[in-house]
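The values are calculated or read from the model by the stated rules, or taken from the named source; none is laboratory data. From a predicted model like this one, the values you see are computed outputs, not experimental measurements. Please note: Cβ atoms are built from the backbone with ideal geometry, for glycine as well, and neighbour counts cover all protein chains shown. Ligands, DNA and RNA are excluded from the accessible area calculation, which covers all protein heavy atoms including side chains. Shrake-Rupley method; radii C 1.70, N 1.55, O 1.52, S 1.80 Å.
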Amino acid sequence: MSRQLGFLMDLQKCIGCKGCAMACKNENGLGDTDWRRVMVLTEHPQNFFGFLSMACNHCANPACMRECPKGCFKKRRDGIVLHDPSRCTGCKSCIGACPYRVPQFNPLTGKVSKCNLCFTRLEKGLKPACVEACIPEALQLIDLEGPLPENSQEALPGYFSVRLTRPSVRFILPGSNIRFWRQVMCNQEQGGREL
Amino acid sequence: MSGAVTVVELLVLEPLTDFRILAGWKGRFNRVEKIYAGVPEAGRGTLVVLPWHPRETERTIVSIREALKLPAAAVFLTGKNVVPALPRELIAQCDNAQIPVVHLPWSNGWEQIEAVWRLVAYLKEQRMFYLFLQNAGSHFVRLVTREGLVGLVCYLEKVVNSPLAVITPAFELICSGEQKFVPSTEEFVRLVRQAYYTRGNCLKGSTRGKSSVHVEPAVITLQEACGKETIASLFKLQAGNKLYGYLVVQTVTGLNELEIALMKQAGPVITSELLKYDEILEVERKYQDNFIYDLLHNNFTSYEAIIKQGKIWGWDFTKPRQIMVMEIHGGLGREELSFEHLKLLISGVAATVFKESIISELDEKIVVIVPAEKSQMQKERKAEIKRLAQLIKQRLTECFPESSFYCGIGRFYPSVMDLCRCYQEAKTAMELGRFLKHKEAITHFEELGVMRLLAGVSYEQLDDFCQEYLGDLIAYDEKNNSNLMETLETYLQESGDINKTSGRLYVHPNTLRHRIKKIEEILGLSLETYENLVNLFTALKIYIMRQHVFGNKLD
């Protein structure tokens, strides 16, 4: 296989607007199901306050594929892991198996569904809906077989380090925080203007 | 001796065929009346032979200009050094004068060029030149075209009266002739392989006479089990930088000059055949690799599609299959072998256990797909595939003693549509087995034991379970910088044997007993009841799994 598509998540840029999650819902007509979720990060070792947007990680060793008794999951040559709802019986084995809780059970249909990396959009030369909608460009589509940003890494300490399934996602960790209010206080003390 | 020999007639005959035209090729039909080393004072129709050296460029250019004035029939620059481009105006002059300037990359003297000139003149006189030219070196090509590589090998065997074989760079047999090696073809190839990997660098030069990278053949003296000595002469089959294999001859006293020359003449023909096979294999391999990827990742929509496509490569997918995934780390020896060579090695071993096995490379791991009998007992099926894994491990350890080898085996599924699950299980078994089974490199998915069940349980539940049973002990270790967790792990791995555990931990048995008591006190559990042991053992496995395989916990 020559490609492994995945996501690059720049935690410095994500402002938690949930534009990616809304775009995904809109594109795929999801109703109450969430294929992409935005979480608040509060336990980063550097005391960072930020956001993490997560959908399916299209793992190299998908646990869902291993556990599904009906063979609903397949992995394309570009690395995208797809779920076939026509075979799904709603047993939820994949939900339990997935370390990221990606597959979502829909009680109305009685089946599971998950992010498909907008493969139909990709075939038309478009970006996935979440990537397109991300205004600060915190979320990007990457090919893990190609060159990656130097400062990107596999693990997100405290949240993301599952080496067995080998998720196809990379992170750019946040730098240290900039305290604007302190700068203002210092300037005021010195008789300066408010910034 | 007369004979109007033209420049081009001289250059189309070996060993002058490897020439490079620098200028004036329109004059290739100039007659060569005589050959002179250097520039004579006068001599129309002289072939001027000048040795080429990068330090004497100016002098050589002056000599070429002088040769143009003669006018010479042609100018040959000899020497293994790379010839830089001649000045443009000199090239233009040679083109106008129609005097060929040619570079010959050899360091033999001009006398040999004269010898070739005399031969051509003689052949032309006898009206045999064109016949000679048509047939020179083409016998081997005709033989290969008519009878294949085996035909050529058999012919060479007859001429040298010794057994001959063509082997891969990984020392696996490609083809041999009719004569048998002593003690046997397989054993002989094995001895050569062993000699290569143990004595090392022996193929970089002959052990007799001049030792140089370019001396051929490489000669290895082999001592057989019965004490007899034979000599294996190896000729590299190389095109450019790529090695396609070796031509190996077994003799008692070594090859003489004529036999060596014959082997060297056949070498390029054999290499070209191997190149052709390689190109065909490469295309086939690409399609094959895509098919296997699709098969193992559930990309086929129907069972019939798999059967139909498998038939193209002669694979019968109507019968069930089992999968083994292998990873080899480091220590691959003096030469980095490609996956292709590893695959060849492994397929040789697999053939001794299973009639039809498929070897492929996916994601930098070797995947082995072997047939499985539905009617066979599960125990027998498992034993058979584990035996294959052991044999492969043995062979790889033999060839690469410094490498580490891990193997995972998936469960049996009756339908090929479930091969994707078997593949994922094999990978899981390999990953988990590496850390959970500290002595064993080969893990069947079923041997993961309770870990197999736990692989399907949610991480929160696993973490809660682990925290419940081991949380206090982990906290105690962190606070007091002790190693009670390690003690408990070793104690459970050694099934509660105090002596073995204390041996592994390098502590006195009484110290160990004290530690066990402390552990019981902290956990509030007795390590003598099976229920507690099972729970602790499971919690410990989860802990190890999280540490090594899953990294930090998720919230």
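Couple of notes before you dig in:
- Under 16 Å from the Cα of B:LYS286 - aspartates and glutamates, other chains or at least 8 residues apart: A:ASP78, B:ASP278, B:ASP294, B:GLU340, B:GLU361, B:ASP363, B:GLU364
- Whole-percent carbon and sulfur share, accessible surface of segment B:37-86, 1.4 Å: 51 percent
- Length-normalised contact order for chain B - Cα pairs under 8 Å, 6+ apart - percent: 8 percent
- At least 20 Å² accessible surface lost relative to isolated chain, residues of segment A:77-91 (1.4 Å probe): A:ARG77, A:ARG87
- In this rough spin-label picture, where each label sits 7 Å from Cα along the Cβ direction, the A:LYS70-B:ASN241 distance is 5.3 nm.
- The residues packed around B:GLY348, meaning those with a beta-carbon under 11 Å from its beta-carbon, carry a net charge of +2 if Lys and Arg are +1 and Asp and Glu are -1.
- Whole-Å distance, taken between Cα centres, linking segment B:71-97 and segment A:78-108: 73 Å
- Nearest-ten-degree value, helix B:530-544 long axis tilted from longest Cα axis of chain B: 40 degrees
- Where A meets B: accessible area buried, both sides, 1.4 Å probe, Å²: 2700 Å²
- Of all beta bridges that DSSP places with both ends in the protein assembly as shown, some 75 percent have antiparallel geometry.
- Using alpha carbons only: equivalent-ellipsoid semi-axes of chain B, gyration tensor based, whole Å: 68, 27, 24
- Counting Cβ atoms of other protein chains within 10 Å of each residue's Cβ and taking the mean over peptide B:416-423 gives 3.
- Per residue, the protein assembly as shown exposes an accessible area of 51 Å² to a 1.4 Å probe, with every protein chain left in place.
- In Hz, Karplus ³J(HN,Hα) per residue of segment A:134-150 (6.51, -1.76, 1.60; θ = phi - 60°; x = Gly, Pro): 6, 5, x, 6, 6, 10, 9, 8, 10, 10, 5, 7, x, x, 10, x, 4
- The C-alpha atoms of chain B define a longest principal axis, and helix B:138-160 lies at about 80 degrees to it.
- Carbon/sulfur fraction of accessible area - segment B:461-555, other protein chains in place, 1.4 Å, %: 46 percent
- Environment charge of B:ILE306, counting only residues whose C-beta is closer than 15 Å and scoring Lys/Arg +1, Asp/Glu -1: +2
- B:TYR287/B:GLU172 FRET efficiency (R0 22 Å; Cβ-Cβ; nearest 0.05): 0.45
- Qualifying chymotrypsin sites (Phe, Trp or Tyr not before Pro) for segment B:289-320 [loop in DSSP, other Cβ within 10 Å: at most 12]: B:TRP313
- For the protein assembly as shown: span of alpha carbons on each principal axis (Å, largest first): 108, 85, 59
- Å³ per residue enclosed by the Cα convex hull of segment B:29-122: 89 Å³
- Farthest positive-ward along the protein assembly as shown dipole, Cα basis, beta-carbon charges - from A:ASN106, B:LEU275, B:GLY240: B:LEU275
- Evaluating 6.51 cos²θ - 1.76 cosθ + 1.60 at θ = phi - 60° for every residue in segment B:487-496, the Karplus couplings come out as 4, 5, 4, 5, 4, 6, 5, 8, 6, x Hz, glycine and proline recorded as x.
- Sparse-neighbour loop sites [GluC sites (Glu not before Pro); segment B:475-555; at most 13 other C-beta within 10 Å; DSSP]: B:GLU528
- For chain B, the longest principal axis of the Cα atoms and the long axis of helix B:110-125 meet at an angle of about 70 degrees.
- Residue by residue, segment A:52-57 carries 3J(HN,Hα) couplings of 10, 9, 9, 10, 5, 9 Hz when phi is fed to the Karplus relation 6.51 cos²θ - 1.76 cosθ + 1.60 (θ = phi - 60°); x denotes Gly or Pro.
- For the listed residue pairs A:LYS18/A:LYS111; A:LYS70/B:LYS308; B:LYS355/B:LYS382; B:LYS242/B:LYS365, the alpha carbons are over 19 angstrom apart in A:LYS18/A:LYS111; A:LYS70/B:LYS308; B:LYS242/B:LYS365.
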